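Visitor: Below are the structure tokens for one structure; questions will follow.
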Amino acid sequence: MKPSGWVWFLSRSLRSWDIMSLGLVARQLSSSGIRLTVISQSGFFPGGFADVISWRGLDGFDRAMSVAFRGRLWHLWGQAPKWWPVVRARATTVHSFKGSDEEWQGHPAIFAGTGLFSERNAWTPAFERDLSWGKPGEDKGDPIAMVVFPSSSVRPDRSILESLQRGIGMPLVRLSDQTGALPVPGGTVDESDAVRLLAGRARLLVLPGVDLSSAILAGFASLYGVPTLAPWSPLLDDLLGVNGYLTDKTSLSGENGRIAAAAARHRLSEHFTSENSAESLQSIYRTVTGSTQ
């Protein structure tokens, strides 16, 4: 299989679950005969469905050669590196996952809900459950809840965490890189293990605020039967559906959580597949390059 000339640059600002979703798309593209080059700033990319290059592993010369000559279409995922203008000067560029205070650094490929699938700039993430991690509703130990703050939020303090804890009824676990003293001894989890924890002991995902990355995590949570508690969010409405997440702690009782997670899981399986995601990206790439292929 020949390389496509398409390069994905994955910024270190991406979370591991964002990259998991992209890995599903790379697999689908590979099955269609399209071989990507993926340059990962963190060095991580799942599967063997792309030519993966660790940015950390390149010396200065190889980095310069990649920036100056590699690929004719680059898709930037996340925050732009300082040398990005060099790539923009010589190649077609597409940008997704831009920061809230960042300008678009290429043709915008924006997250789209089901109502925007026909938009030329619409990109849809992909979701799939890892069967080895368990099935929705399986009992795997004492229940816990995971709290994940949006990347743009300030460091959570004790009062915020105590407020979140009230009415949850189980220990809160936070990401190890989101500091703050927990009101109960819930502990921390590395972001690379977050989805695995949701597939195991976690019974609830708590999102005090919602950005695109945390919305994608909520999608993975629903695949394992874990509901999301979050304030009303147009992102979650588009991704999980208006009935696919909980907006009030009073709705945690009974079967509400299970019903919400099931509704979200059904929506994802219908609309947010690797096939749909790959096609949405190929449509964008055809638009920016003027290609009919």
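Visitor: From Gly78, Gly106, which residue is touching a strand residue (DSSP E or B) at 6+ places or on another chain (Cβ under 6 Å) and not β-branched (Val, Ile, Thr)?
Guide: That would be Gly106, the only listed residue that is touching a strand residue (DSSP E or B) at 6+ places or on another chain (Cβ under 6 Å) and not β-branched (Val, Ile, Thr).
Visitor: Among the residues of region 40-63, how many are among the β-branched types (Val, Ile, Thr) and either over 16 Å from Ser21 (Cα atoms) or in contact with a His (Cβ under 9 Å, 6 or more places away or on another chain) (or both)?
Guide: Number of matching residues: 1.
Visitor: Still on this model: Can you tell me which of (1) crowded, with 19+ Cβ neighbours inside 10 Å; (2) hydrophobic (A, V, I, L, M, F, W, C); (3) in contact with a Leu (Cβ under 9 Å, 6 or more places away or on another chain); (4) not in a loop (DSSP other than H, G, I, E, B) is the one Ala263 doesn't meet?
Guide: If we test Ala263 against (1) crowded, with 19+ Cβ neighbours inside 10 Å; (2) hydrophobic (A, V, I, L, M, F, W, C); (3) in contact with a Leu (Cβ under 9 Å, 6 or more places away or on another chain); (4) not in a loop (DSSP other than H, G, I, E, B), just (1) comes out false.
Visitor: Do you know which residues across region 271-293 are out of contact with any Phe, Trp or Tyr (no Cβ under 8 Å at 6 or more places or on another chain), surrounded by fewer than 16 Cβ atoms within 10 Å (Cβ to Cβ), farther than 12 Å from Thr92 by Cα and modelled with pLDDT under 95?
Guide: Thr292, Gln293
Visitor: Further, regarding this structure: Would you pick out the residues in region 219-238 that are hydrophobic (A, V, I, L, M, F, W, C) and farther than 20 Å from Leu24 by Cα?
Guide: If the condition is that a residue be hydrophobic (A, V, I, L, M, F, W, C) and farther than 20 Å from Leu24 by Cα, then Val226, Leu229, Ala230, Trp232, Leu235, Leu236 are the ones that fit.
Visitor: Within region 46-62, restricting attention to residues that are under 19 Å from Trp74 (Cβ atoms) and touching a helix residue (DSSP H, G or I) at 6+ places or on another chain (Cβ under 6 Å), which residue is modelled with the highest pLDDT?
Guide: This residue is Ala50.
Visitor: Among all residue pairs at least 6 apart or on different chains, which show Cβ distances below 8 Å where the first residue, located in region 186-210, is in the same structural domain as Met20 (by TED's automatic domain parsing) and the second is surrounded by fewer than 22 Cβ atoms within 10 Å (Cβ to Cβ)?
Guide: Matching pairs, first to second residue: none at all.
Visitor: Then there is this: Between a first residue in region 249-271 that is within 20 Å of Val147 (Cα to Cα) and a second residue that is of a type in the set (Phe, Trp, Tyr), which pairs have beta carbons less than 7 Å apart while being 6 or more apart in sequence or on different chains?
Guide: If the second residue must be of a type in the set (Phe, Trp, Tyr), the pairs left are Ala260/Tyr245; Ala264/Tyr245.
Visitor: Still on this structure, please answer the following. Looking at region 83-108, I want the residues that are closer than 22 Å to Met65 by Cβ and assigned by TED's automatic domain parsing to the domain that holds Ala68 and have a partner that is charged (D, E, K, R) and assigned to a helix (DSSP H, G or I) with Cβ atoms under 9 Å, at least 6 apart or on another chain. Which pairs are those?
Guide: Correct list of pairs: Trp83/Arg63; Gln105/Arg88; Gly106/Arg88.
Visitor: State whether the residues of region 49-62 include one that is buried (at least 16 other Cβ atoms within 10 Å of the Cβ), in contact (Cβ under 8 Å) with a residue 24 or more places away in the chain and part of a loop (DSSP other than H, G, I, E, B).
Guide: Looking through region 49-62, at least one residue is buried (at least 16 other Cβ atoms within 10 Å of the Cβ), in contact (Cβ under 8 Å) with a residue 24 or more places away in the chain and part of a loop (DSSP other than H, G, I, E, B).
Visitor: For residues that are of a type in the set (Asp, Glu) and touching a helix residue (DSSP H, G or I) at 6+ places or on another chain (Cβ under 6 Å), tally how many sit in region 246-274.
Guide: Looking only at that region, the number is 0.
The values are calculated or read from the model by the stated rules, or taken from the named source; none is laboratory data. Being a predicted model, the structure only gives us computed values, none of them experimental. Reconstructed Cβ throughout: ideal geometry from the backbone, glycine too, with neighbour counts over all protein chains shown.
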